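This is the structure I want to talk about, given as structure tokens.
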Amino acid sequence: MSAIEVILGGVILGGLYALVAIGFNLQFGMARIVNLAYGEFLMTAAFAAFWMFTLFSINPIAGMLFSVPVTFAANWLVYRFLMTPLVRRARTREQLEGETILATFGLLFVLRGGATLAFSANNRYYDYLGVPLHIFGFTFAANRVLALAMACVFGAAIWLVLNRTRFGAALRALAIDPVGAELVGIDVRGLSGFAFAGGGALVAVAGTLVSTFLTFNPAIGIEFTMKALVVVIMGGIGNMGGSLVAGLLLGIAEALCSYFVDSGLTLAVAYALFLIVLVVRPRGLFGTP
Amino acid sequence: MAETREETRIRRRRTGAATAALTALVAVLAAVPWFTSDYGLALMVNVMSYLVLTIAWALFSGTTRLISLATSAFFGVGMYAVAMLIKVMPLYATFAVAIGVGAALALIVGVLTLRISGMFFVIFSFGLSEMIRELMVWWEINQTHTMGRYVYVAFDTTMIYEHLLALAVLVFFVGWLLRRSRFGLGLMVIGDDETVARQVGINVPFAKVTIFIVSAMFMTLTGALMASRFGFINPNFAFNPLVSFTVVIMAILGGLQRLWGPVLGIIPLIILSEELQTQFPFWYSVLLGLVFMVIVYFLPRGLTGLLEEGWEALRRPLELPRGLTGPLLDAWAWLSRPIELPRGIAGAIEDRWVKIMPRMPGKR
């Protein structure tokens, strides 16, 4: 395995992290909610893909037609019924962040406990497109390449919506200044709910992709939540391009670490990167100092 | 304003009474191991360890209003310091090392993350214990080739309990001092408004990092004391993020308005947690999550908040039922009203006239 292959493998992983982080950024940067149960929706989507594949042999990519709208609706309900009371109650942004962290941690436990009850704590795996694919003389697993392609498609779609539509402009305004957005006639509450649900839909996509090439169990969610948090902070809150770059950076760093040191240290790599960014560029990679 | 001699006397007497009552309370608590069963003592050790953790958490988070989720990181570091060093040095030396390591970790984390913004700190503290857990797993697998460690020490449950009690007294004393010092006042100003704090000349990063280190030292020492309680530890057990969140929820349930507020949250939550674990072992995680959510949604001010509201309600003037004389008084008031006579034709004409000829504004 050459160094280039390692780095390309990191890019594939990084594309997935970027997708997870962009979804988290929609929830955190736009709806202003720190959703610690975010990774649990990824886990749920992975299980949905697993069961659809093993029980009904439904192609995971086709299965997304079902799991993504359902997760979108579920997240909208979470925002509407669980988060809205906290949004109404909070006086400052810090207070809202603190309260949503605690409330969504409770939700995390409920979802993870429920998944453990329903699916047991065993590791799950299924074989989908686990065939080698030769590109430019390098060999990759086809499912990983597919994951990167899907991440690119969804990333591009998000970018187009945010930068080329009126609706996206409203969302970006929401990320920059919610009070100002309300003053120019943007329905802040409704749009926040939409951004939150959209983030949830993206994590369902990511969960389906993860399930095709990683073993998973009901406890994997929190690791993805933490990495998404780190990537979003590194790239800048509300900055989708920043999340993309930081996600790729994290993927490459992790791939290098697992090649040269140990594959069990991925979170340590994420936090090391986080610390370096904090020391060198305290306002995030693209922040203005 | 100078105190009169009378006021000084009353204040001294009050302080004396409070000190005597607290000393008696501590003495009773210290005697507990000789009166309860093993199960009761185990429960008390649990309560005491959470008491120290929660009050230590409140020292930092209650004043600066930054939610720290690093409790389990320090707790686990203390445990591992004892577990790794117990074979090469005496027990109390391992405690000292544990405090030193905890303080150093708090210093690094605090200096790097606390000077920037609150959110960075919260997120970093959230992942800290998970990261240390990962590093420990890696270390144990690659360097020592074992996943768990046995901690055999001649340090029985009674000793653990007494040490924890002493630590609890100390943490309360620190908290009490903090509420009466310039430094503590400065921290509360930071919690209320950091910009104001900086403007009035408080050294904000120094204050935050200092109190974070103090709080971390208590947490680490608690972990070190608890290491021999469990006998066998592994990274997944020592760095359990649930500990961090339980501490936060206990403090919120109790209420952060008073120094003793968190105490009210600890006992119900520990008993509830024990009950859930024994009665519904499979549903434990789901039910505990629901309990957390209920507390965040319905008791944001905690039990002390409820008590304060109850006290306010008690102090309000009572509304007595008005009895038989009430209706009589009402009837008398109704009878003694001036009688309104019909206004007749002249009145009707007057009303029309007002409508047809509106008054000029400003003229009478």
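Since every read-out is calculated from the coordinates, none of them should be taken as a lab result. These figures come from a predicted structure and were not determined experimentally. Using ideal geometry, Cβ is built from the backbone for each residue, glycine included, and neighbour counts are taken over all protein chains shown.
Just the ratio, please: alpha-carbon radius of gyration of the range A:1-142 over 2.2 N^0.38 Å, N its number of residues. Write out the running numbers ahead of the final one.
Details: Rg = 18.5 Å, N = 142, 2.2 N^0.38 = 14.5 Å.
Taking the Cα Rg and dividing by 2.2 N^0.38 Å, one obtains 1.28.
Per residue of A:263-275, how many C-beta atoms from partner chains lie within 10 Å of its own C-beta, taken as a mean? The partial results should precede the final answer.
Numbers: counts 1, 6, 5, 1, 7, 8, 2, 4, 8, 1, 0, 7, 5.
If you average over the peptide's residues, the count of other-chain Cβ atoms is 4.
R0 = 60 Å: FRET efficiency of B:Val28 with A:Ala74, Cβ-based, nearest 0.05?
Working: r = 51 Å, r/R0 = 0.86.
It comes to 0.70.
A further question on this structure: Which value, in Å to one decimal place, does the Kirkwood hydrodynamic radius take for the range B:246-333 when every pair of different Cα atoms is included? Intermediate results must be reported in sequence, preceding the final value.
Working: mean 1/r = 0.0635 Å⁻¹.
After inverting the mean inverse Cα-Cα distance, the result is 15.7 Å.
Calculate how steeply helix A:266-280 sits against the longest principal axis of the alpha-carbon atoms of chain A, using the helix alpha-carbon long axis, and give the answer as 0 to 90 degrees to the nearest 10.
With rounding to tens, the tilt is 50 degrees.
Given 37 °C and 0.692 mPa s, how large is the Stokes-Einstein diffusion coefficient of chain A in µm²/s, with Rh as the Kirkwood radius over Cα pairs?
Values: Rh = 19.3 Å.
Value of D from the Cα-based Kirkwood radius: 170 µm²/s.
Through the Karplus equation 6.51 cos²θ - 1.76 cosθ + 1.60, θ set to phi - 60°, convert the phi angles of the range B:209-216 into ³J(HN,Hα) values in whole Hz; use x for Gly and Pro.
5, 4, 5, 5, 5, 4, 4, 5
Within 10 Å of each candidate Cβ there may be at most 11 other Cβ atoms; applying that plus a DSSP loop requirement, which trypsin sites (Lys or Arg not before Pro) in the range B:59-159 survive? Present the calculation step by step, with values, prior to reporting the outcome.
Values: sites: B:Arg65, B:Lys87, B:Arg115, B:Arg133, B:Arg149; in loops: B:Arg65, B:Lys87, B:Arg115.
When the trypsin sites (Lys or Arg not before Pro) of the range B:59-159 are filtered for loop state and at most 11 Cβ neighbours within 10 Å, B:Lys87 remain.
Determine by what factor the alpha-carbon radius of gyration of the range A:90-206 differs from 2.2 N^0.38 Å, reporting the quotient.
Normalised Cα radius of gyration, the range A:90-206: 1.48.
Further question: I'd like the distance between the alpha-carbon centres of the range B:120-176 and the range B:49-89, rounded to an integer number of Å.
6 Å
Does anyone have the angle between helix A:93-119 and the longest principal axis of chain A? Alpha-carbon axes, 0 to 90°, nearest 10?
Its long axis makes an angle of about 40 degrees.
Looking at the range B:1-32, which GluC sites (Glu not before Pro) are in a loop (DSSP not H, G, I, E or B) and have at most 12 other Cβ atoms within 10 Å? Can you show the working numbers first?
Working: sites: B:Glu3, B:Glu6, B:Glu7; in loops: B:Glu3.
Answer by residue number: B:Glu3.
Set the Förster radius R0 to 56 Å, insert the Cβ-Cβ distance between B:Val200 and B:Phe280 as r into 1/(1 + (r/R0)^6), and round the FRET efficiency to 0.05.
Numbers: r = 52 Å, r/R0 = 0.93.
Plugging the Cβ-Cβ distance into 1/(1 + (r/R0)^6) gives 0.60.
Tell me, what HN-Hα J-couplings in whole Hz come from the Karplus equation 6.51 cos²θ - 1.76 cosθ + 1.60 at θ = phi - 60° for each residue of the range B:156-170, using x for Gly and Pro?
7, 4, 4, 4, 4, 4, 5, 5, 4, 4, 4, 5, 4, 4, 5
Measure of size requested: the Rg and Dmax of the range A:135-201, with Cα atoms as the atom set and Å as the unit; please supply both.
Every Cα atom of the range A:135-201 included, Rg and Dmax give 17.0, 56 Å.
Short version: ³J(HN,Hα) in whole Hz for each residue of the range A:136-151, in order, from phi by Karplus 6.51 cos²θ - 1.76 cosθ + 1.60 (θ = phi - 60°), x for Gly and Pro, what are they?
6, x, 9, 10, 10, 6, 4, 5, 5, 5, 4, 4, 5, 4, 5, 4
Please report the orientation-averaged projected area of the range A:193-279, defined via the convex hull of its C-alpha atoms, in nm².
Numbers: hull surface 25.5 nm².
Mean shadow area of the hull around the Cα atoms is 6.4 nm².
So if each residue of separation counts as 0.36 nm, and I subtract the Cα-Cα distance between A:Val184 and A:Ala149, what length gain in nm does that give?
Difference between extended and current length: 8.8 nm.
Also, quick follow-up: How high is the FRET efficiency between B:Met89 and A:Arg283 when r is their beta carbon distance and R₀ equals 45 Å, given to the nearest 0.05?
It comes out at approximately 0.55.
A further question on this structure: Using label points projected 7 Å from each Cα along Cα→Cβ, tell me how many nm separate A:Arg164 and B:Phe298, to one decimal.
Here the answer is 5.0 nm between the modelled labels.
With equal scatterers on the alpha carbons only and no solvent term, can you work out the Debye log10 of I(q)/I(0) for chain B at 0.15 1/Å?
-1.44
Calculate how steeply helix B:71-85 sits against the longest principal axis of the alpha-carbon atoms of chain B, using the helix alpha-carbon long axis, and give the answer as 0 to 90 degrees to the nearest 10.
Once rounded, one gets 20 degrees.
Kirkwood hydrodynamic radius (Cα pairs, Å) of the range B:1-136?
Every distinct Cα pair counted, the radius reaches 18.5 Å.
Per 5 Å bin from zero, what fraction in whole % of the C-alpha pairs of the range A:126-269 is there, up to the bin with the longest pair?
Spelled out per bin, shortest first, that is 2, 8, 13, 19, 20, 15, 10, 7, 4, 2, 1, 0.
Give me the one-decimal nm value for the distance between modelled label points at B:Thr325 and B:Ala104, 7 Å along each residue's Cα-to-Cβ direction.
7.9 nm
Over the Cα atoms of the protein assembly as shown, each weighted equally, I'd like the Debye log10 I(q)/I(0) at q = 0.05, 0.06, 0.08 Å⁻¹, rounded to two decimals.
-0.30, -0.42, -0.67
For the range B:121-220, what D do you get in µm² per second when you plug the Kirkwood radius from alpha-carbon pairs into Stokes-Einstein at 37 °C and 0.692 mPa s?
191 µm²/s
Another question, if that's okay. Within 11 Å, Cβ to Cβ, of A:Phe47, how many net charges do the neighbouring residues add up to if Lys/Arg are +1 and Asp/Glu are -1?
0
What is chain B's relative contact order, in percent, from Cα pairs under 8 angstrom and six or more apart in sequence?
Once divided by the residue count of chain B, the mean separation gives 25 percent.
Run through every distinct alpha carbon pair of the range B:188-265 and return the Kirkwood hydrodynamic radius in angstroms, one decimal place.
15.1 Å is the Kirkwood radius here.
Treating each Cα of the range A:249-289 as an identical point scatterer and ignoring solvent, apply the Debye formula and state log10 I(q)/I(0) at q = 0.18, 0.27, 0.31, 0.35 Å⁻¹.
These q points yield log10 I(q)/I(0) values of -0.52, -0.84, -0.97, -1.10.
For the range A:67-123, which trypsin sites (Lys or Arg not before Pro) are in a loop by DSSP, counting at most 13 other Cβ atoms within 10 Å? Before the final figure, lay out each step's value.
Working: sites: A:Arg80, A:Arg88, A:Arg89, A:Arg91, A:Arg93, A:Arg112; in loops: A:Arg91.
Passing sites in the range A:67-123 are A:Arg91.
Next question. Any idea what the dipole of the range A:13-101 comes to, in debye rounded to 20, about its Cα centre with Lys/Arg Cβ at +1 and Asp/Glu Cβ at -1?
Working: 6 positive and 4 negative charges, 68 e Å.
Charge dipole, the range A:13-101, about its Cα centre: 320 debye, nearest 20.
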